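Report on one structure; see the data block that follows.
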Ligand SMILES: NC(=O)c1ccc[n+]([C@@H]2O[C@H](COP(=O)([O-])OP(=O)(O)OC[C@H]3O[C@@H](n4cnc5c(N)ncnc54)[C@H](OP(=O)(O)O)[C@@H]3O)[C@@H](O)[C@H]2O)c1
């Protein structure tokens, strides 16, 4: 049995499709609300809340492989519950920031979860993705309601990754030999700036979307209201305020692991255009 956490999220819902298509055997998806969650046919929906690791016991029953999105709940408690339930292998979603910006608070938390997993006695595979293409959804309401989007660092190009490529790597790591004890930094196939992302959305929509540069203070105010001040600073450093060669590097890990080239940002746009209309 494979348990996919974050089953209704950007990575999880594609991973469930991938696992079903690959005939990976019994698969369960974790959600806090099974009545609201739409999971693919053949996937068993199981309720549990990361905030209460004890609530994960029914979902973990009989599970041998776990796909875990981290830093949403108590990762120590979740890993402990998994180990006690007999989970043998965990594929963990961490972050590229562990190696590009190890000094930032969120990266230190990611590194701590990686360490907990490596020390847990369970086999492990760590995925370290860069910025997700789906972060563009943060602009969706503004694009629907207004013509101008204000973004910080509009001309910093990062190798944004399609979440389906993270799912594809996770599916291989969960179902094929040779991926235990491996750490995979994951990026898209090319660097794309926020301005180019918005141009891609505008072009697919067939209408103009103007881009205005937001200063760091303005962007920090907005992000801090949702994420808190420290996480807002980290997001701003990672999206343009403090980039380095390690963050800018385009990697071929997706293709090496899955055998298929990583998907470009415009592919994600074409699959998600409805959100911007
Ligand atoms: N966005 C980025 O640029 C980026 C970069 C690097 C790493 N990451 C990592 O990627 C992961 C997020 O992946 P994603 O984008 O696929 O997720 P997502 O779309 O943000 O969805 C979050 C998922 O987590 C579940 N969830 C939220 N709170 C929960 C709780 N208390 N208990 C159980 N489940 C809960 C939600 O399920 P329900 O609502 O159905 O319960 C949902 O399926 C995180 O670990 C993040 O640190 C993100």
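The values are calculated or read from the model by the stated rules, or taken from the named source; none is laboratory data. Values in this document were obtained by computation on a predicted structure and should not be read as measured data. Neighbour counts are summed over all protein chains in view; Cβ atoms, including those assigned to glycine, are modelled from backbone coordinates with ideal geometry.
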task: Please find, within segment 117-145, the residue that is surrounded by the fewest Cβ atoms within 10 Å (Cβ to Cβ) out of those that are touching a strand residue (DSSP E or B) at 6+ places or on another chain (Cβ under 6 Å) and within 22 Å of residue 207 (Cβ to Cβ).
output: 142
message: Looking at 7, 54 in this structure, which one is more than 23 Å from residue 130 (Cβ to Cβ) and either at pLDDT below 95 or buried (at least 23 other Cβ atoms within 10 Å of the Cβ) (or both)?
response: 54
- prompt: In this structure, does residue 182 turn out to be more than 13 Å from the chain's Cα centre (by Cα) and at pLDDT 95 or above?
  reply: yes
- prompt: From the list 257, 243, which one is touching a strand residue (DSSP E or B) at 6+ places or on another chain (Cβ under 9 Å) and assigned to a helix (DSSP H, G or I)?
  reply: 257
task: Write out, first by first residue and then by second, each pair whose Cβ atoms fall under 6 Å of each other, whose residues are 6+ apart or on separate chains, and whose first residue, in segment 42-53, is closer than 15 Å to residue 66 by Cβ and in contact (Cβ under 8 Å) with a residue 24 or more places away in the chain while the second is assigned to a loop (DSSP other than H, G, I, E, B) and more than 9 Å from the ligand (Cβ to nearest atom).
output: 53/74
query: Based on what the data block shows, is residue 126 part of a helix (DSSP H, G or I), free of Cβ contacts under 8 Å to residues at least 60 places away in the same chain and within 13 Å of the ligand (Cβ to nearest atom)?
result: no
- prompt: Which residues, counting only those in segment 130-151, are within 15 Å of the ligand (Cβ to nearest atom) and either more than 14 Å from the chain's Cα centre (by Cα) or assigned to a helix (DSSP H, G or I) (or both)?
  reply: 133, 134, 135, 136, 137, 138, 139, 140, 151
Unmet criterion (only one of (1) in contact (Cβ under 8 Å) with a residue 12 or more places away in the chain; (2) assigned to a loop (DSSP other than H, G, I, E, B)) for residue 174: (2)
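Quick check: is even one residue across segment 206-216 farther than 21 Å from residue 244 by Cβ and in a helix (DSSP H, G or I)? Let's see the steps before the verdict.
To start, the set of residues in segment 206-216 that are farther than 21 Å from residue 244 by Cβ comprises 206-215.
Going one step further and asking which of them are in a helix (DSSP H, G or I), we end up with none.
The answer is no; no qualifying residue exists.
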field: Tally of residues being at pLDDT below 95 and surrounded by 16 or more Cβ atoms within 10 Å (Cβ to Cβ) across segment 224-234
entry: 1
query: What helices (runs of 4 or more DSSP H), lying completely within segment 1-100, carry at least 2 residues that are more than 8 Å from the ligand (Cβ to nearest atom) and within 23 Å of residue 177 (Cα to Cα)?
result: 10-21, 75-85
task: Enumerate the pairs (first residue in segment 88-109 and closer than 17 Å to residue 166 by Cβ and at pLDDT 95 or above; second residue anywhere and within 10 Å of the ligand (Cβ to nearest atom) and assigned to a loop (DSSP other than H, G, I, E, B)) with beta-carbon separation below 7 Å, excluding pairs fewer than 6 apart on the same chain, so at least 6 apart or on different chains.
output: 92/70; 93/70; 94/70; 96/130
